[in-house]
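Structure record follows, encoded as structure tokens.
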Amino acid sequence: MGLPISAERLTCTYSGEGTAVHALREVSFELAAGSLLTVVGPSGSGKSTLLAVLAGLQRASSGTVRIGDREITGMTERELLRFRREHLAVVVQDARRNVLPFGTVLQNLRFAAEPAPRHRRREPLSLLTRLGLARLAHAPVDRLSGGERQRVAIAAALSVRPDVLLLDEPTSALDRRARDDVLDLLDEQVRGSGSTVVVITHDPAVERRLGNVLRLADGSVVTA
Ligand code: ADP
Ligand code: MG
């Protein structure tokens, strides 16, 4: 079952040597349980930072994120780890960081599903088939192309039937056919399983198909 997400005045500032980068500036939005949000905006506008903050992988400088009745911005690392395992699935932008660098495709999916209770795990082979990867089930992941790896990451995320699914540019390395397979699966995840989904994209076709758009520019929400 999906969980609602609410972000309130999220600000994230990276401070290195010298100048500070304001990656997010008071970003707020509400997303109902079992619905989908599409985050768009130019490169450097803060999309990946927003996703990382929602996933609890990056600390906000100020502001709050609530998922269900929990405020994740106030959690300890340990609480976050547990919350992520129970409720979230995340596909980050760098496809290499989503899968183990060893083992087969099937082993990767089984490993990803392992923390989830048995009744929530999804049959890995059927997912691979839906994504056109069935013939690669026993292939070593380090031999996969970028697009294949990206689809394995998506299959791994879906294999736990997450309450909340967060995806950073999940179709960037895919051709049209593979992209449509992924979008069909995401649709199903929302309509069928009632997951709450946040998708980052820079593909106008994905934006049109998914709708419910949050547009970022220079760390701020652009109101149309
Ligand atoms: P997008 O995903 O929209 O391209 P990002 O969230 O990756 O945007 O980046 C937003 C801004 O924050 C950019 O100016 C980027 O250079 C900067 N940034 C991202 N990650 C870091 C980091 N770890 N340290 C410093 N600056 C960062
Ligand atoms: Mg990004």
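Are any residues in the stretch 169-206 acidic (Asp, Glu), within 16 Å of ligand 2 (Cβ to nearest atom) and modelled with pLDDT of 95 or more, and if so, which ones?
Step one: of the stretch 169-206, the residues acidic (Asp, Glu) are 169, 175, 180-181, 184, 187-188, 203.
Add one more test, that the residue is within 16 Å of ligand 2 (Cβ to nearest atom), and what stays is 169, 203.
Glu169, the sole residue that qualifies.
Based on what the data block shows, is Arg9 surrounded by fewer than 18 Cβ atoms within 10 Å (Cβ to Cβ) and part of a loop (DSSP other than H, G, I, E, B)? Even if it seems obvious, please write down each step before you answer.
Details: surrounded by fewer than 18 Cβ atoms within 10 Å (Cβ to Cβ): yes; part of a loop (DSSP other than H, G, I, E, B): no.
Taking the combined requirement at face value, the residue does not satisfy it.
Does Gly132 satisfy the condition of being more than 16 Å from ligand 2 (Cβ to nearest atom) and on the phi > 0 side of the Ramachandran plot?
On the way: more than 16 Å from ligand 2 (Cβ to nearest atom): yes; on the phi > 0 side of the Ramachandran plot: yes.
Yes.
Could you pull out every one of the strands (runs of 3 or more DSSP E) wholly within the stretch 15-106 that has 3 or more residues that are touching a residue at least 24 places away in the same chain (Cβ under 8 Å), within 11 Å of ligand 1 (Cβ to nearest atom) and at negative phi? Walk me through how you get there before you give the answer.
Numbers: elements: 20-31, 36-40, 62-67, 88-91.
In the stretch 15-106, the matching strands (runs of 3 or more DSSP E) lie at 20-31.
Quick check on the stretch 153-193: of everything there that is crowded, with 19+ Cβ neighbours inside 10 Å and within 16 Å of ligand 1 (Cβ to nearest atom), which residue is nearest to Glu86 (Cα to Cα)?
Within the stretch 153-193, the match that is nearest to Glu86 (Cα to Cα) is Leu166.
Name the residue that is farthest from ligand 1 (Cβ to nearest atom), counting only residues in the stretch 194-210 that are touching a residue at least 40 places away in the same chain (Cβ under 8 Å) and open to solvent by 10 Å² or more (accessible area, probe 1.4 Å).
Here the answer is Gly194.
Within the set of pairs 6+ apart or on separate chains, which have a first residue in the stretch 153-181 that is on the phi > 0 side of the Ramachandran plot, a second that is acidic (Asp, Glu), and C-beta atoms under 9 Å apart?
Pairs that qualify, where the first residue is on the phi > 0 side of the Ramachandran plot and the partner is acidic (Asp, Glu), are Glu169/Asp203.
Name the residue that is surrounded by the most Cβ atoms within 10 Å (Cβ to Cβ), counting only residues in the stretch 41-100 that are more than 13 Å from ligand 2 (Cβ to nearest atom), of a type in the set (S, T, N, Q) and modelled with pLDDT of 95 or more.
In this case the residue turns out to be Thr73.
The values are calculated or read from the model by the stated rules, or taken from the named source; none is laboratory data. Quantities reported herein were computed from a predicted structural model and do not represent experimental measurements. Backbone-built Cβ (ideal geometry, glycine too); neighbour counts: all protein chains shown. Side chains included, ligands, DNA and RNA excluded: accessible areas come from the protein's heavy atoms. Shrake-Rupley method; radii C 1.70, N 1.55, O 1.52, S 1.80 Å.
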